[in-house]
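Enquirer: Here's a structure for you.
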């Protein structure tokens, strides 16, 4: 294993009201969080005060599900909430150091728009933007974009590979020092430092230039969240953070070694990609307080909601199986492959019934659940970090603001005491805080001619 | 003419560094304004303190021009600046009452994304969002979106007509009171108050629902900026503000009567659309100070920049004509028709040479230029307002921040003394301040069934 930082990276993964599927019903959650800007401004400041590396926002461009009864009982299936890039641009105005990572789909967007919006956010935040690239797992998204059906998994990934190259190319439309703004001579930018992309590929033709100067970070940090074979290959070639769902230590270390091991094939240093699995912490001052808190949340799960969430994550209709039946083998779908595999592995390993599985995943939606005291949670995170199962974690508070407040005031000080987490930000930009290099411009300065006389 | 408010509406139309083509070279402009968030935060607060109705941002999804030498000498042709929706979401965090209007093209966007982003901005700003609908005048935009050529003018407008209907339909995905968030029963929203759009049209198939609750304003304010026949028809049917370029009093009153006169045919009250022509004010404490300021800016225009801007606005290659030749008749193009017509009318009326025309339009890009004392500028605005040539004006400061500071401290107090402009905001939302009604939901409450028992 290569040398790496002895500090873990932490993301604050924000979901309206919290990650637990019933969070909005709990008194420690803000029920109208999805469209409450003051709520988000408050939790962004909490996360920054706690020195989180970044805020992470998921996204979907369709309401996730067909069962209207189940949907109407949940806050977290994109039924009604802020769009991530507008929200993060807003939060950039009330924070100074924390990274701002939003999800955008390569399947239902154009690379020019994505490159432009994240470049704009990087300028607005003075170097704190990150783009979580997803290919969209939900077939309903197609129906909002004049398409009859969702793109097949393989097609989505070939499109994503080209998409990220186009976006990166557009970010290099200008050299870092292109905008000379010389009032005397009248040159606003040096024309020799403008680069047309002129991309012609299988999926896109994009001429450029992007109409935003090169971002402060060179490129916003690229995050990738798929863990299928195609997802891992894309991550090893292009990602700088991988967000993944890994529940056991052995799965986590295997995934970590797998993805990092693929990087040499692309000429990349394994330390230039940070693997940050999700972690869903239910914190109590005592074990029993933690268990009670978890129990309170679990008791709020309506059976309709639990089953529906399971069916959505598994991409399968389970209505033929009663709640106490063992989870059946499920066919592969064209949806999100990594999450499906995770469900099946978990169900088979522990011989779970439908009800047991939905209760298990309803909380953290398949992510690693940690219920305990600050010290026990710190132990678990430390073990996984030190075993090279993670470079850090994307923390998924069960409720918001309550669950984030608990983690910030109880667990983070414990991690700091152990020397595992920063006490202050090291740098100004997200890259500096993550220890990621600033990407050089694709056209080296030496190749650029001297500026023309004005 | 119908009854209307005795107060004029004012927009602060922000361009990087100011509207004058050479603004960035002037000491009263911020040269790096396009990507300087602190600069925008400052001028947004200035505009709000002055009680402007709204901030207005133009947009383009391509650098506007092919002449790299000319482009490299200007700050205002989308060579490098913030993307408008990210910028306005940011400014929503540092303002409380002023409206936030951004431009988005119906030609190079999807209605779902546009509906969602403006709904998100409306929630973030608690009811202050507006969408300036344009069809894109620049053929280069096509090349950034995998298209070989720009859509023809007529096709752009049939697409725009359908686009705005889809967007409005998506904003009505939920009833205003759909999100009941009843913790006790577990109902997050009332399923009977969710409405699938299920739109199937010539250009779009969009199922919905939008995954944002109905915006605080019902619908963000819809602004329209084309003044061609197709543009006026679209405005009369759908717009609530029209931004237009009208230089003479007679053109302004004719345009005003024309657009308002078309509204009855769509069953609309003419007072529910505010016509706000652009106005480019160069303010001086004395006439000679105003003329000197204008002269200073005009002297900074490089001939290459002036000619290039003229060619872009006219959509024609003028390289065969020397600077002192009379402006020739120009063929119609598929670009922005209203601006072309304006150029030609002006040139013919005043028998202008190429150089005279480009100097005339380079400042305000074809908009109404007012050079004078606060009192003379107020006179001109008052005359046009009272003659029913305008419901208000979109103020285009020649430089930023300087030109906005001048207008705010010198002209606005004069308008207030005359009772022509507010001394404080009347309402909380942009609609309330503009005196526009809140659109009822397309599915009347009476048609909605009683909520199902939980």
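Enquirer: In nm, one decimal, shortest first: how far is the label point of residue A:155 (7 Å from Cα along Cα to beta carbon) from the matching points in the other copies?
Expert: Reported distances to equivalent positions: 2.3 nm.
Enquirer: Report the label-to-label distance for residue B:349 and residue B:417 in nanometres (one decimal), using points 7 Å from each Cα along the Cα→Cβ vector.
Expert: Simple spin-label model gives 3.0 nm for this pair.
Enquirer: Related question: Could you please rank B:351, A:274, A:51, placing first whichever residue has the fewest other Cβ atoms within 10 Å of its Cβ?
Expert: Details: B:351 9, A:274 24, A:51 19.
Listed from fewest to most nearby Cβ atoms, that is B:351, A:51, A:274.
Enquirer: I need the P(r) histogram for the stretch B:34-104: all alpha carbon pairs, bin width 5 Å from 0 out to the longest distance, whole percents.
Expert: 3, 16, 25, 21, 15, 11, 6, 3, 0
Enquirer: Let me ask you something else. Calculate, in whole percent, how much of the Cα-Cα pair population of the stretch B:76-222 lies beyond 27 Å. Mind showing how you got there, number by number?
Expert: Numbers: 3175 of 10731 pairs.
Within the stretch B:76-222, distances greater than 27 Å cover 30 percent of Cα pairs.
Enquirer: Counting DSSP beta bridges in the protein assembly as shown, what percent are antiparallel, to the nearest 5? Each step should come with its number before you reach the end.
Expert: Values: 12 of 82 bridges.
In the protein assembly as shown, approximately 15 percent of DSSP beta bridges are antiparallel ones.
Enquirer: Please give the residues of the stretch A:376-400, grouped as numeric ranges, whose backbone N is less than 20 Å from a label point set 7 Å along the Cα-to-Cβ vector of residue A:292.
Expert: A:376-377, A:398-400
Enquirer: Between residue A:321 and residue A:375, how high is the FRET efficiency from 1/(1 + (r/R0)^6) when r is the Cβ-Cβ distance and R₀ = 56 Å? Nearest 0.05. Don't skip to the answer; put the middle values down first.
Expert: Numbers: r = 40 Å, r/R0 = 0.71.
Result of the calculation: an efficiency of 0.90.
Enquirer: Taking only DSSP H segments of four or more residues, each worth -39500 (n - 2.57), what value at 222 nm results for chain A once the sum is divided by all its residues, to the nearest 500 deg cm²/dmol? Walk me through the numbers on the way to the answer.
Expert: On the way: 16 runs with 166 residues, N = 454.
The helix contribution divided over chain A gives -11000 deg cm²/dmol.
Enquirer: Report the label-to-label distance for residue A:196 and residue B:388 in nanometres (one decimal), using points 7 Å from each Cα along the Cα→Cβ vector.
Expert: Each label point lies 7 Å from its Cα, and together they span 5.1 nm.
Enquirer: Tell me the Rg and the Dmax, in Å, that the Cα atoms of the stretch A:260-313 produce.
Expert: Considering the stretch A:260-313 through its Cα atoms, Rg and Dmax are 19.2, 50 Å.
Enquirer: By counting other Cβ atoms within 10 Å of each Cβ, how are B:272, B:199 ranked from fewest to most? Intermediate values should be presented prior to the final figure.
Expert: Values: B:272 14, B:199 19.
Fewest-to-most Cβ neighbours within 10 Å comes out as B:272, B:199.
Enquirer: Continuing with the same structure: Would you kindly calculate the mean projected area, averaged across all directions, of the convex hull enclosing the Cα atoms of the stretch A:148-289, in square nanometres? Mind dumping the intermediate values first?
Expert: Numbers: hull surface 59.6 nm².
Over every viewing direction, the Cα hull of the stretch A:148-289 projects on average to 14.9 nm².
Enquirer: Could you tell me whether the stretch B:355-453 comes out rounded, prolate or oblate from its Cα gyration tensor? Rule is a ≥ b ≥ c as square roots of the eigenvalues, rounded for a/c under 1.5, then prolate if a/b exceeds b/c, otherwise oblate.
Expert: prolate
Enquirer: What gaps in nm, shortest first, separate residue B:353 from its twins in the other copies when you place the label 7 Å past Cα toward the beta carbon?
Expert: Relative to the other copies, residue B:353 has label-point distances of 9.3 nm.
Enquirer: Would you compute, for the Cα atoms of the stretch A:222-306, the largest minus smallest coordinate along each principal axis and list the three values in descending order, in whole Å?
Expert: Its Cα atoms span 49, 32, 23 Å along the three principal axes.
Enquirer: Still on this structure: Can you list, shortest first and in nm, the gaps between the label point of residue A:409 and those of its counterparts in the other copies, using a point 7 Å from Cα in the C-beta direction?
Expert: 4.7
Enquirer: Right, something else. Taking Cα pairs under 8 Å and at least six residues apart, what relative contact order does the stretch A:8-144 come out at, in percent? Spell out each step's value before the answer.
Expert: On the way: 203 pairs, mean separation 34.0, N = 137.
The value is 25 percent.
Enquirer: Indicate, rounded to the nearest 5 percent, the antiparallel portion of the DSSP beta bridges found entirely in chain A.
Expert: 15
Enquirer: For the stretch B:17-163, what's the radius of gyration and Dmax over Cα atoms, in angstrom?
Expert: 16.3, 46
Enquirer: Relative contact order, percent, of chain A when contacts are C-alpha pairs under 8 Å separated by at least 6 residues? Could you put the intermediate results ahead of the total?
Expert: Values: 866 pairs, mean separation 108.5, N = 454.
The value is 24 percent.
Enquirer: Quick one: work out Rg over Rh on the C-alpha atoms of chain B, Rh as Kirkwood radius. Let's see the in-between values first.
Expert: On the way: Rg = 22.1 Å, Rh = 22.7 Å.
That ratio equals 0.97.
Enquirer: Also, I was wondering about something else. With N set to the number of residues, divide the alpha-carbon radius of gyration of the stretch B:212-256 by 2.2 N^0.38 Å and report two decimals. Could you put the intermediate results ahead of the total?
Expert: On the way: Rg = 13.4 Å, N = 45, 2.2 N^0.38 = 9.3 Å.
Compactness ratio reported: 1.43.
Enquirer: May I ask for the equivalent-ellipsoid semi-axes of the stretch A:304-405, computed as the square root of five times each C-alpha gyration tensor eigenvalue and listed largest first in whole Å?
Expert: Working: eigenvalues 153, 50, 34 Å².
Semi-axes (√(5λ), whole Å): 28, 16, 13.
Enquirer: Next up: Quick check on the exposure proxy: order A:89, B:248 from fewest to most C-beta atoms within 10 angstrom. List each step's numbers first, then the result.
Expert: On the way: A:89 31, B:248 14.
So the ranking, lowest neighbour count to highest, is B:248, A:89.
Enquirer: Could you give me the percent of Cα pairs per 10 Å distance bin for the stretch A:136-193, shortest bin first, beginning at zero and ending with the bin that holds the maximum distance?
Expert: That works out to 19, 27, 19, 15, 16, 4, in percent per bin.
Enquirer: If all Cα-Cα distances of the protein assembly as shown are sorted into 10 Å bins from 0 onward, what percent lands in each bin, rounded to whole numbers?
Expert: With 10 Å bins starting at 0, P(r) equals 2, 12, 22, 25, 19, 12, 6, 2, 0.
Throughout, read-outs are computed from the coordinates displayed, never taken from laboratory work. All of these numbers come straight from a predicted model, not from anything done at the bench. Cβ sites come from the backbone with ideal geometry, for glycine too, and all protein chains shown count toward neighbours.
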